[in-house]
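For reference, the structure is listed below as structure tokens.
Each value in this text was obtained by applying a stated rule to the coordinates, not by laboratory testing. As the structure is a prediction and not an experimental result, all values here were calculated from the model. We place every Cβ from the backbone using ideal geometry, glycine too, and count neighbours over all the protein chains shown.
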Amino acid sequence: MTIAKMLEQSALLTALGMAVVFAFLWFMVVCVNMTAKLVHKMGWDKDVTQSQDVPSPKKAAGTARPEITAAITTAVTEYRKKEKEHSEPASLS
């Protein structure tokens with residue numbers, strides 16, 4: 001068998017292999033899309049375990065009490081003052 005024939009056969013096998021892989025991947029994408037449409041149509045993508053009584057985080061974020069906000073702000077301010085005092089180099093005079 002000549003080198004030209006071997007190269008021809010290898011090119012044919014390469015093309016055939018790539019075509020098989022491409023066909024399989026295309027088939028897989030089609031199946032996934034059809035499954036997604038079926039799940040959406042049947043309503044199986046809805047989360048039924050979540051209770052309607054539980055407030056969402058967006059609603060809960062705006063209900064902070066002012067006294068708690070003031071306490072946190074004061075604590076952060078005091079912490080920053082102490083850190084600033086400790087980070088300043090001591091004067092040598």
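For this structure, a couple of remarks:
- Whole-Hz ³J(HN,Hα) from phi, Karplus 6.51 cos²θ - 1.76 cosθ + 1.60, for the stretch 65-72, glycine and proline x: 6, x, 5, 6, 4, 5, 5, 5
- Rough spin-label spacing in nm, given labels placed 7 Å along Cα→Cβ, for R80 and D47: 3.5 nm
- The Cα atoms of the stretch 1-44 give a gyration tensor whose axes a ≥ b ≥ c have a/c of 1.5 or more with a/b greater than b/c, which makes the shape prolate.
- Full-extension gain in nm, A11 to E67, via 0.36 nm per residue minus C-alpha separation: 12.5 nm
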